[in-house]
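The values are calculated or read from the model by the stated rules, or taken from the named source; none is laboratory data. All figures in this text were calculated on a predicted structure; none of them were measured in a lab. Methodologically, a virtual Cβ is constructed for each residue, glycine included, from the backbone with ideal geometry; neighbour enumeration extends over all protein chains shown.
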Amino acid sequence: MNNFNLTPDYAAWLKEVKLKICSTQVKAALSVNKELIHLYWYLGEQIIKKQKNARWGSGFIDQFSKDLKNDFPDIAGFSSKNLRYCRAFYNFYTGAEIWQQAVAKLEEVAEADKWQQLVAEKEDINFHQIVLPLTSQIPWGHNIHIFVKAESFNEAHFYINQTLENGWSRDVLALQIKLNLYARQGKAISNFKQTLPAPQSDLAEQTIKDPYIFDFLTMTQPYNERDIESQLLQHMTKFLLELEKGFAFVGRQYHLKVGETDYYLDLLFYHIKLKCYVVIELKNTKFIPEYAGKLNFYLSAVDSLLKSESDNPTMGILLCRHKNKIETEFALRDINKPMGISEFTLTEILPEELKGSLPTVEEIEADMKMLEQPDE
């Protein structure tokens, strides 16, 4: 017979123990991952050195893989393919060009003073001290995607930090690399430095990108902003992924009454980190200066009607199909509300009635052959 009484004290104690177990499991997993990354670094280093100094033939890695799997049959990661990844891992982070770029762009790297001490002031870079603490924070599969695709240390550093900050899965990381997030992040034209105090202005700049890629939207001409809004809401998860972490959806065609007139904001969000409302306006056309003035009006309205005392000033993002850099900068010059202007892209499909009027690939090739024939 069980005489145990389930009391609140026991429930609280059990919860505490469970949290400790979960914490230990996470630490154990991180510890295992750390040791694994260190092992793969060591294997890559050994392979590079032996291939340079030993004359064992082109089949060295395949034989090495076979011997390791024979002696350690219960341990994964010793396939020829993975050993080549180990070699690529070591090669990428020890390449001279990688570190020349890192030193040249120290301002793009967190803790610049630390990096300068570790990199710029040393002839012999201590790769173990720099690379392994960074790469061992994410799984090996994530690392592979990064060092195979990245073109610089700064780019690799960016994707590792983004993975940690946003908790990206391997598939999400692969998608962000494919969409070239590194090149787009913080590239929008904005007036944040003039309208927001530091460090909020820096965070705001890194919050938006240019262009936004809505490749999950498939539109058929003719379509307008409302059609785009509708599809964005239908694909909200992918839309939020492109906006990135921190955006909380508030509403579409959000109603505000100013004086006796009704206004409707295309999309309204709240940003958790920036602690402010974010108005997103969609324009399926080229940017014109009047758009900035209208968005400035909307931001003033939100600040007056929705913003609380604890909120930061409302921020605006204007998404258009095309923009002229100089014209856009001029339009923002005297705007007193924080806003950024970016382009967006999506997938367009020709209407069925137009498809038949276009030449086929075969017809184009035939025309090209005719043009290439010499004159008689």
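Structure above, values below:
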read-out	value
Residues of region 294-347 that turn out to be touching a residue at least 24 places away in the same chain (Cβ under 8 Å), of a type outside the set (S, T, N, Q) and either under 13 Å from Asn191 (Cβ atoms) or not assigned by TED's automatic domain parsing to the domain that holds Val278 (or both), as a count	18
Residue check, Lys69 among the basic types (Lys, Arg), surrounded by fewer than 10 Cβ atoms within 10 Å (Cβ to Cβ) and modelled with pLDDT of 80 or more	no
Of all residues in region 294-323 being over 23 Å from Pro199 (Cβ atoms) and within 25 Å of the chain's Cα centre (by Cα), the one that is surrounded by the fewest Cβ atoms within 10 Å (Cβ to Cβ)	His322
Members of region 338-350 that are at pLDDT below 95 and not in a strand (DSSP E or B)	Leu350
Region 20-47 residues that are outside the structural domain of Thr135 (by TED's automatic domain parsing), paired with ones that are basic (Lys, Arg) and at pLDDT 85 or above (beta carbon under 8 Å, 6 or more apart)	none
Sole residue being more than 25 Å from Asn191 (Cα to Cα), loosely packed, with under 15 Cβ neighbours inside 10 Å and β-branched (Val, Ile, Thr), chosen from Thr285, Thr218	Thr218
Residue match in region 152-163 (condition: in contact (Cβ under 8 Å) with a residue 60 or more places away in the chain and crowded, with 20+ Cβ neighbours inside 10 Å)	yes
Total residues in region 279-310, condition over 19 Å from Ile326 (Cβ atoms) and in contact with a helix residue (DSSP H, G or I) (Cβ under 8 Å, 6 or more places away or on another chain)	4
Failed criterion for Tyr223 (all others in (1) assigned to a helix (DSSP H, G or I); (2) in contact (Cβ under 8 Å) with a residue 60 or more places away in the chain hold)	(1)
Residues located in region 126-168, provided they are of a type in the set (Gly, Ala, Ser) and either modelled with pLDDT of 90 or more or under 18 Å from Tyr85 (Cα atoms) (or both)	Ser136, Gly141, Ala150, Ser152, Ala156
Count of region 33-61 residues which are over 14 Å from Ala88 (Cα atoms), surrounded by 14 or more Cβ atoms within 10 Å (Cβ to Cβ) and charged (D, E, K, R)	2
The lone exception for Asp171 - which of (1) in a helix (DSSP H, G or I); (2) over 23 Å from Lys286 (Cβ atoms); (3) in contact (Cβ under 8 Å) with a residue 24 or more places away in the chain it fails	(3)
Extreme residue, farthest from Ser300 (Cα to Cα), among residues of region 226-264 that are touching a His at 6+ places or on another chain (Cβ under 8 Å) and surrounded by 13 or more Cβ atoms within 10 Å (Cβ to Cβ)	Gly246
Filter result (assigned to a loop (DSSP other than H, G, I, E, B) and in contact with a Cys (Cβ under 7 Å, 6 or more places away or on another chain)) within region 300-324	Asp311, Asn312, Pro313, Thr314
Test result for Glu327, acidic (Asp, Glu) and in a helix (DSSP H, G or I)	yes
Top-ranked residue in region 258-299 [being of a type in the set (Asp, Glu) and in a strand (DSSP E or B); ranked as farthest from Leu332 (Cα to Cα)]	Asp262
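Yes/no matrix, rows are residues, columns are (1) within 13 Å of Ser136 (Cα to Cα); (2) of a type in the set (A, V, I, L, M, F, W, C); (3) at pLDDT below 80; (4) in a helix (DSSP H, G or I):
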position	(1), (2), (3), (4)
Trp13	no, yes, yes, yes
Leu19	no, yes, yes, yes
Thr24	no, no, yes, yes
Leu39	yes, yes, no, yes
Arg55	no, no, yes, no
